[in-house]
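To start, the structure under review is shown below, and the notes come after it.
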Amino acid sequence: MDLDLEGLAARAAEAILRAQGKTVAFTGAGISAESGIPTFRGKDGLWRRFRAEDLATPEAFERNPKLVWEWYRWRMEIVFRAKPNPAHLALAELERMGLLLCTITQNVDGLHQAAGQKCVVELHGNIRRARCTRCGYRVEFKEPPKEVPPKCPRCGGLLRPDVVWFGEPLPEEAWQKAVQLALSAKTLIVIGTSGIVYPAAMIPQLAKQNNATIIEINVQDTPITEIADIAIRAPASKAMQAILTEVKKQLTQ
Ligand code: APR
């Protein structure tokens, strides 16, 4: 392992142990990149190949529900094949060790739960779920729907992906819980987010206001870098494995 990663991982481990269980993770699409799920703004990101306004807005759905569902079905096929990677698994292990309180995620892929993590706050919903536009009934898909747009099994109404689209409010309960976690965190581990989509991007700033130590794991600088106490420029899997190794090492010292 190159020295600076080891050194930074050691400092991150110290911050996690110093937090005595009050560490929170805040994740974005970058943590799932190594599971084969495309990010939104990276070099081959989804918004480079598709127009968000044509696919991820209530107006787009209103205009052409079939087109929107065909795109989500394509993304669901990727998500249903995807497996948690070592970064998701390391967070779940830190939670089992009593060192990680919860993970707040902007991702809709469900990989934190698949990795065994118990406390996950989904700010932008979950692509494995749909909800009825007429009666609100929620459906959990076990596989991508054969028919699109799918119909509500209860009232026959039009189902929509249970995710937050641009211009829509975040689920109130999830947002409140995320703010409460950010304000109580002693250490916040920010993994794989470009930090530019609000209000989710407020989470690191809220934690910082509350004097939390901010650890940023990303392959490049972001607007969060300027408030990060420890900035680790490495892929999420490599960085989280290094941090977990250092935590275990420091626990035996
Ligand atoms: N390890 C760590 N970071 C990575 C990796 C990796 N292997 N690969 C990419 N990244 C970083 C990129 O450098 C970028 O900063 O992950 C970040 C991904 O940024 P985005 O694609 O903008 O994803 P995210 O920040 O989650 O987007 C927020 O925007 O489109 C909406 O609702 C969507 O939840 C999403 C929100």
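Between Asn210, Asn218, which is loosely packed, with under 15 Cβ neighbours inside 10 Å and of a type in the set (S, T, N, Q)?
Working: Asn218 fails: loosely packed, with under 15 Cβ neighbours inside 10 Å.
On inspection, the qualifying residue turns out to be Asn210.
Would you call Glu93 assigned to a helix (DSSP H, G or I), farther than 15 Å from Ile191 by Cβ and more than 9 Å from the ligand (Cβ to nearest atom)? Break it down stepwise before answering.
Details: assigned to a helix (DSSP H, G or I): yes; farther than 15 Å from Ile191 by Cβ: no; more than 9 Å from the ligand (Cβ to nearest atom): yes.
For Glu93, the condition - assigned to a helix (DSSP H, G or I), farther than 15 Å from Ile191 by Cβ and more than 9 Å from the ligand (Cβ to nearest atom) - is not met.
Out of (1) over 24 Å from Asn218 (Cα atoms); (2) touching an Asp or Glu at 6+ places or on another chain (Cβ under 6 Å), what's the single condition that is false for Pro150?
(2)
Sort through Trp175, Trp165 and tell me the only one that's surrounded by 13 or more Cβ atoms within 10 Å (Cβ to Cβ), outside any strand (DSSP E or B) and within 11 Å of the ligand (Cβ to nearest atom).
Details: Trp175 fails: within 11 Å of the ligand (Cβ to nearest atom).
Answer to the selection: Trp165.
Testing Gly136 on (1) more than 14 Å from the ligand (Cβ to nearest atom); (2) in contact (Cβ under 8 Å) with a residue 24 or more places away in the chain, one condition comes back false. Which one is that?
Of (1) more than 14 Å from the ligand (Cβ to nearest atom); (2) in contact (Cβ under 8 Å) with a residue 24 or more places away in the chain, only one is false for Gly136: (2).
Tell me, which strands (runs of 3 or more DSSP E) lie completely within segment 112-156 with 3 or more residues that are buried (at least 17 other Cβ atoms within 10 Å of the Cβ)? Don't jump to the end; show me each part of the working.
Values: elements: 120-122, 125-132, 138-140.
Those strands (runs of 3 or more DSSP E) span 120-122, 125-132.
Which numbered condition trips up Tyr198, out of (1) surrounded by fewer than 19 Cβ atoms within 10 Å (Cβ to Cβ); (2) in the same structural domain as Asp229 (by TED's automatic domain parsing); (3) more than 11 Å from the ligand (Cβ to nearest atom)?
With (1) surrounded by fewer than 19 Cβ atoms within 10 Å (Cβ to Cβ); (2) in the same structural domain as Asp229 (by TED's automatic domain parsing); (3) more than 11 Å from the ligand (Cβ to nearest atom) applied to Tyr198, the lone miss is (3).
For residues that are part of a loop (DSSP other than H, G, I, E, B) and closer than 11 Å to Leu183 by Cβ, tally how many sit in segment 207-226. Before you say what the answer is, go through the steps one by one.
Taking segment 207-226 first, the residues part of a loop (DSSP other than H, G, I, E, B) are 210-212, 219-224.
This time we only want the ones that are closer than 11 Å to Leu183 by Cβ, so: 210-212.
Residues meeting the conditions: 3.
Among the residues of segment 64-79, are any more than 11 Å from the ligand (Cβ to nearest atom), aromatic (Phe, Trp, Tyr), in a helix (DSSP H, G or I) and surrounded by fewer than 21 Cβ atoms within 10 Å (Cβ to Cβ)?
Taking segment 64-79 first, the residues more than 11 Å from the ligand (Cβ to nearest atom) are 64-79.
Subsequent filtering for residues that are aromatic (Phe, Trp, Tyr) retains 69, 71-72, 74.
Narrowing further to those that are in a helix (DSSP H, G or I): 69, 71-72, 74.
Keeping just the survivors that are surrounded by fewer than 21 Cβ atoms within 10 Å (Cβ to Cβ) gives 71, 74.
Looking through segment 64-79, at least one residue is more than 11 Å from the ligand (Cβ to nearest atom), aromatic (Phe, Trp, Tyr), in a helix (DSSP H, G or I) and surrounded by fewer than 21 Cβ atoms within 10 Å (Cβ to Cβ).
Report yes if some residue within segment 46-59 is more than 13 Å from the ligand (Cβ to nearest atom), under 30 Å from Asp229 (Cβ atoms) and either touching a strand residue (DSSP E or B) at 6+ places or on another chain (Cβ under 8 Å) or in contact (Cβ under 8 Å) with a residue 24 or more places away in the chain (or both); otherwise report no. Talk me through it step by step, then tell me what you get.
Filtering segment 46-59 for residues more than 13 Å from the ligand (Cβ to nearest atom) gives 54, 58-59.
After this cut, where a residue has to be under 30 Å from Asp229 (Cβ atoms) as well, the list is none.
No, there is no match, as no residue in segment 46-59 is more than 13 Å from the ligand (Cβ to nearest atom), under 30 Å from Asp229 (Cβ atoms) and either touching a strand residue (DSSP E or B) at 6+ places or on another chain (Cβ under 8 Å) or in contact (Cβ under 8 Å) with a residue 24 or more places away in the chain (or both).
The values are calculated or read from the model by the stated rules, or taken from the named source; none is laboratory data. The structure displayed is predicted, hence computed values, not measured ones. Note that we place each Cβ from the backbone using ideal geometry, even for glycine, and neighbour counts take in every protein chain shown.
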